[in-house]
Amino acid sequence: MPIKDILERLIDYIAFFFLFDGIITGVFTLLNILFTDFSNIFGQYTNLFGYYPSSTYILILNIVVAISSILVGIGLLSRSHIARIGAIVLSIFYLIDIPFGTVTGSIIITIMIIPYSNSIFRHKFIEKNIPYRVIGVLIVFISFFTFAYISGYAEDITTTMSIEMFGYPQSNIDPIEKIKLDNLFGEKDVIIELTAPVGTYAIQQQNEVYPMIESYGGVITNSYHLAFNGFRVKIDGQKLVDIAKNPYVKSIYENGVVKLYGADDNPDFIYCLDRCNDLLNTEWLWSNGYTGKGVVVAVIDSGINEDMEWLQRNGSSVVIASYELYGDWVHWHGTTVGCCIASQHSTYKGVAPDSNLIDVEVFTLNDNGEPVAYDSDILWGYEKVVEFKQQHPEYYVIASCSFGVPSDVVGDTWSNPVPISKGANNLALKYDIPVVASAGNEGHLGFHISTPASAQYVLGVGAVDKNLHYAYFSSPGPTLDGHRKPDVSNVGMDVMTFDDDGKLVMVSGTSFSCPLTSGILADIVSKNKDKGYTVTDYYNALRYGAKDIGDVGFDYKTGYGFVDGVKSSQIVGKITPRKVFSTISFMSIFVGVGIVFYPEWGGKRKWLK
């Protein structure tokens, strides 16, 4: 068969491919727009190869891509030269999805530009005007890689290529160094961290490691792949050395105990939520539309009584989802924290009254009736927060963590984060979920800031009293490796809020400065959540908008200062969202293509006879 006939058939196949891809992409995107619950049922569909990040950018751009694909398909069937150029442009974005999209995009581009295709399209590239070609190609490549870097695809591509070519990352250090336990005697309850990144590769790697752990008598009671890659395992401690020899095992941690941060002091004065709102100037925020609407705060805690009267809005609970590890609420703490954020009481309003809550219950009661959780429980909670975010893209999600353990005790650092810090970092980095965490209540005992508040991508919150003086119990920074923490401070001394029965209770601790800050963040996000700001942008707005208290400038007791929602909301407005830069770089790709083909459509055309 002559090569021209082969190319004719291949171009027809490519045309039908674009038609099919465009129709399916358009249909799924329209269904996502028209029916809120559609994505919950069918997941977040982008297109055949996932070359455009619809879950991150505006859905209407997916419609543009869909229409473009359909037009390109129709144009290729009629042998339009413009459609040929469009096929090349669309195929550039297929290259991102390794390996199938890369192969498909490369094949399409090759077929469209080889000299033999000139006669089929009755048009050839003008061989002169080299400067147009060089400048245009440079703009395309620079814009493409800039877009990939800003949107986060560059890191994903590098990771994917590395794993596809060389396999999962390996840890070949001394097995003893991987084991973070005091001793190996008796049965151990441990968390085994693996080397692959979270997500699909974590699942694949776990499938390979799972039989090895079982062969040593280990009982895997839970696995994690969204916020953390690893297992919870109960096993004879003597077997851990052999397991640590596996290069896919990165670290082995004791499944430690985590506690809630609420003090039981009984001071002489009462400091109510209405006074907190006065200090935080929430009336200005609310009157200017910063109310938390469209934002969901995940309260990872001891459970929330969703039926409590002050958590009802228009006849429905503000708690719109519950994930309960140990049953319904087991302690008043979670409800109290939730009320700091979203109480509907006319006088004692939560700081983000229009926000909603997710009840992520991970704590249980020990023999003394005290709420405790294990690291494995916290990781389970993180996973549920990610699941909610993936199933409900219409909401912006914030995680509020009024718990921790002194970083001194567990050895948490930025370079070697422990599991609950690593999981919190992943929430922020991988899923754009800000994590706000309590600094800890052991300051007067000499301990440093607690984990996960000590983590690099977590906003750590210390406590102050009604006069904005440092609360004696609030755990100070720095981190064990000398980084600045806490980030900010908020009221955490003698706060009056509601318990699970709806009664006013007085509480103290960074457990309550944390949700008050989560609520202020929810307010700020509510008017900016569709503008493309990053988690870091919001963190920086709170840090640099804070009112300086304590020592001048940053200090290790109160961080950058007392949270100022008004100033922070103004700072956000001055930040240029990352989406602007990514959009500019994205559109520059088309500019580069236009320059490459300018002699064809802008200059004199040379048609093949």
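When T102, T110 are checked against the criterion of being surrounded by 17 or more Cβ atoms within 10 Å (Cβ to Cβ) and over 21 Å from I23 (Cβ atoms), a single residue qualifies: T102. If you go through the range 327-358 and keep only what is without any contact (Cβ under 8 Å) to a residue 40 or more places away in the chain and of a type in the set (S, T, Y), you end up with just S346. Give the residue that is modelled with the lowest pLDDT, with candidates limited to residues of the range 369-387 that are aliphatic (A, V, I, L, M) and more than 19 Å from the chain's Cα centre (by Cα). Once the filter is applied, the top-ranked residue is V372.
Looking only at residues in the range 536-590 that are assigned by TED's automatic domain parsing to the domain that holds L138, more than 26 Å from the chain's Cα centre (by Cα) and not aliphatic (A, V, I, L, M), which one is modelled with the lowest pLDDT? Step by step, filter the range 536-590, then rank; the result is F590. Pairs are defined by a Cβ separation below 9 Å, a sequence spacing of at least 6 or placement on different chains, a first member in the range 164-175 that is part of a loop (DSSP other than H, G, I, E, B), and a second member that is among the basic types (K, R); the pairs so defined are P169/K250; S171/K178; S171/K250. When the residues of the range 160-198 are filtered to those that are over 21 Å from V386 (Cα atoms) and among the β-branched types (V, I, T), which remaining residue is surrounded by the fewest Cβ atoms within 10 Å (Cβ to Cβ)? The residue in question is I176.
Residues in the range 367-383: is at least one of a type in the set (S, T, N, Q), under 16 Å from V257 (Cβ atoms) and not assigned by TED's automatic domain parsing to the domain that holds I179? Scanning the range 367-383 turns up at least one residue that is of a type in the set (S, T, N, Q), under 16 Å from V257 (Cβ atoms) and not assigned by TED's automatic domain parsing to the domain that holds I179.
The values are calculated or read from the model by the stated rules, or taken from the named source; none is laboratory data. Since the structure is predicted, the reported quantities are computational estimates derived from the model, not experimental observations. Methodologically, a virtual Cβ is constructed for each residue, glycine included, from the backbone with ideal geometry; neighbour enumeration extends over all protein chains shown.
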